[in-house]
Amino acid sequence: ASAPSGIAQVSAGGNHACALTNEGTVSCWGYNGHGQLGDGTTTDRLTPVQVTGLVDVVQIAAGVNHTCALSQDGTVRCWGDNERGQLGDGTHATASAPVQVPDLTGIVQITAGFRHTCALKSTGIALCWGDNWRGTLGDGTTSARNEPAEVSGLTGITQIDAGTDHTCAVTDSGSAYCWGYNDVAQLGDGTRTMALTPVQVADLTGATQIAAGVYHTCAVTGSGGAYCWVWNRPGWLGTGAGEHDTPASVLGVAGAVEVGVGSSHSCALIGTGTVSCWGYNGQGRVGVDPDIVEGALEPVQVTDLTNATQISTGAEFTCALASEGTDPKEAVLCWGRNVFGELGDGTTTDRFTPQPVLLG
């Protein structure tokens, strides 16, 4: 199904989220302490506010405390926290409204992590900038960059995702690569050795999309399977009991088309429009009653959601885009933790069932 009238994409960050309209404008809501909502203020918002000065946007990426937008002409603008240079504008000045990443063109996809950002060029190479003390930029160094630096030795990239202290990408061969911090085996190469340049994820073929979280990582394959990996975080992987430092199949998930990874939970979008989540269910982030299910070792279906077309997982909450035919005012639905208004429903009440974002 196509996206609902008016909304093209939703992106969930640390404690905020943003929606992209078909007209190319962006609205954000939730925590705004670093200006990551882009409305020129640092005031938290319980309902969406429009980002100032953005037109012709085709993709958005919400990080932990910053946000970026990709424009139709292949340029990138970012706003929010810039302590480690994650806005890419050559400074360390926080911006509560979008600033352009200079000399960056030909971009086809962007991703924002904790304190770093990456962009994929149409040529299949990636550039990253921001914090790098754990090798998250993949340029072979641990030097922070306030301007884009090329990821070393990786070509043919088709999709990239920035986590907290690691980054991962899928290539046109169906292989996956990760780099950065690896203390709990989040890179999936079977080791716990930090990697300053990309290393191949072991035993994973046919990958089409990958998601890097705080500690763990998940991917989907062209056959509709979902795979996750991390060491010493039982229950976060959807694989039942046990630890896995290389990809392990998520139980009971078939027909997956997209996966999202939060701080301690994950979700998969199924091609039929349902969403299944697993992991820790505090504040209802897995999408079922936390009084009944505290933690899901295996995926559980999100309550009352059957027409999702896209998902995005924040730190402790998740949002979904609903299919065409939905009331435009219910085009974006969110659930989980809501202490800063990250669900966009006008409250700070946690929700275990999807709630419509009050888009107007």
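Being assigned to a strand (DSSP E or B) and either without any contact (Cβ under 8 Å) to a residue 24 or more places away in the chain or under 21 Å from V184 (Cα atoms) (or both) is true for just one of A248, A320. Which residue is that? Spell out the reasoning first.
Numbers: A320 fails: either without any contact (Cβ under 8 Å) to a residue 24 or more places away in the chain or under 21 Å from V184 (Cα atoms) (or both).
Of the residues listed, the single one that is assigned to a strand (DSSP E or B) and either without any contact (Cβ under 8 Å) to a residue 24 or more places away in the chain or under 21 Å from V184 (Cα atoms) (or both) is A248.
From A8, A95, A17, A69, which residue is touching a residue at least 60 places away in the same chain (Cβ under 8 Å) and within 30 Å of V257 (Cβ to Cβ)?
Values: A8 fails: touching a residue at least 60 places away in the same chain (Cβ under 8 Å); A95 fails: within 30 Å of V257 (Cβ to Cβ); A69 fails: touching a residue at least 60 places away in the same chain (Cβ under 8 Å).
A17 is the lone residue from the list that is touching a residue at least 60 places away in the same chain (Cβ under 8 Å) and within 30 Å of V257 (Cβ to Cβ).
Take residues that are farther than 16 Å from F352 by Cβ and tell me which of the strands (runs of 3 or more DSSP E) falling wholly in segment 260-316 contain 2 or more. Walk me through it before giving the result.
Numbers: elements: 265-270, 275-280, 295-301, 308-313.
Here the list reads 265-270, 295-301, 308-313.
Which residues, taken from segment 342-352, are assigned to a loop (DSSP other than H, G, I, E, B) and either more than 14 Å from S27 (Cα to Cα) or open to solvent by 60 Å² or more (accessible area, probe 1.4 Å) (or both)? I'd like the intermediate steps shown before the answer.
Let us first name the residues in segment 342-352 that are assigned to a loop (DSSP other than H, G, I, E, B), namely 342-350.
Within segment 342-352, G346, T347, T348, T349, D350 qualify.
Do we have A219 as out of contact with any helix residue (DSSP H, G or I) (no Cβ under 7 Å at 6 or more places or on another chain), aliphatic (A, V, I, L, M) and outside any strand (DSSP E or B) here? Steps first, please.
On the way: out of contact with any helix residue (DSSP H, G or I) (no Cβ under 7 Å at 6 or more places or on another chain): yes; aliphatic (A, V, I, L, M): yes; outside any strand (DSSP E or B): no.
In short, no.
Among the residues of segment 32-45, is there at least one that is open to solvent by 30 Å² or more (accessible area, probe 1.4 Å), touching a residue at least 60 places away in the same chain (Cβ under 8 Å) and farther than 19 Å from A162 by Cβ?
There is at least one residue in segment 32-45 that is open to solvent by 30 Å² or more (accessible area, probe 1.4 Å), touching a residue at least 60 places away in the same chain (Cβ under 8 Å) and farther than 19 Å from A162 by Cβ.
How many residues are open to solvent by less than 10 Å² (accessible area, probe 1.4 Å), closer than 14 Å to W278 by Cα and either free of Cβ contacts under 8 Å to residues at least 40 places away in the same chain or assigned to a loop (DSSP other than H, G, I, E, B) (or both) when one looks only at segment 222-239?
Residues meeting the conditions: 4.
Quick check, is T217 more than 21 Å from the chain's Cα centre (by Cα), among the β-branched types (V, I, T) and either at pLDDT 95 or above or open to solvent by 30 Å² or more (accessible area, probe 1.4 Å) (or both)?
On the way: more than 21 Å from the chain's Cα centre (by Cα): no; among the β-branched types (V, I, T): yes; either at pLDDT 95 or above or open to solvent by 30 Å² or more (accessible area, probe 1.4 Å) (or both): yes.
Judged against the criteria, T217 is not a match.
Kindly provide the set of residues from segment 20-31 that are β-branched (V, I, T) and either open to solvent by 20 Å² or more (accessible area, probe 1.4 Å) or farther than 21 Å from F317 by Cβ (or both), ordered by number.
First, the residues of segment 20-31 that are β-branched (V, I, T): 21, 25-26.
The answer is T21, T25.
For segment 226-236, does any single residue satisfy the condition of being modelled with pLDDT of 95 or more and not hydrophobic (A, V, I, L, M, F, W, C)?
Yes.
I'd like to verify a number: residues in segment 153-195 that are out of contact with any Asp or Glu (no Cβ under 8 Å at 6 or more places or on another chain) and among the hydroxyl-bearing types (S, T, Y), how many?
Of the residues in that region, 7 qualify.
Name the strands (runs of 3 or more DSSP E) wholly inside segment 51-152 in which the number of residues that are among the small types (G, A, S) and either in contact with a Phe, Trp or Tyr (Cβ under 8 Å, 6 or more places away or on another chain) or open to solvent by less than 50 Å² (accessible area, probe 1.4 Å) (or both) is 3 or more.
Numbers: elements: 57-62, 66-71, 76-80, 95-100, 107-112, 116-121, 126-130, 145-150.
Ranges flagged: 95-100.
Note down all Cβ pairs under 7 Å where the first residue falls in segment 285-307 and is free of Cβ contacts under 8 Å to residues at least 24 places away in the same chain, the second is open to solvent by less than 20 Å² (accessible area, probe 1.4 Å) and in a loop (DSSP other than H, G, I, E, B), and they're at least six residues apart or on different chains.
That search, which allows pairs on different chains as well, returns V293/N281; V293/V286; E294/N281.
Within segment 249-270, count every residue that is more than 13 Å from the chain's Cα centre (by Cα), open to solvent by 10 Å² or more (accessible area, probe 1.4 Å) and aliphatic (A, V, I, L, M).
5
Identify all residues within segment 163-183 that are open to solvent by 10 Å² or more (accessible area, probe 1.4 Å) and under 20 Å from G262 (Cβ atoms); write none if there are none.
Passing the criteria: T164, D165, Y181, D183.
Can you pull out the residues in segment 192-212 that are open to solvent by less than 30 Å² (accessible area, probe 1.4 Å) and assigned to a loop (DSSP other than H, G, I, E, B)?
V201, A202, L204
The values are calculated or read from the model by the stated rules, or taken from the named source; none is laboratory data. What you are looking at is a predicted structure, and each value in this text was computed from that prediction instead of being measured. So basically every Cβ, Gly included, is an ideal-geometry build from the backbone, and we count neighbours across all protein chains shown. We work out accessible area using only protein heavy atoms, side chains counted, and drop any ligands, DNA or RNA first. Shrake-Rupley method; radii C 1.70, N 1.55, O 1.52, S 1.80 Å.
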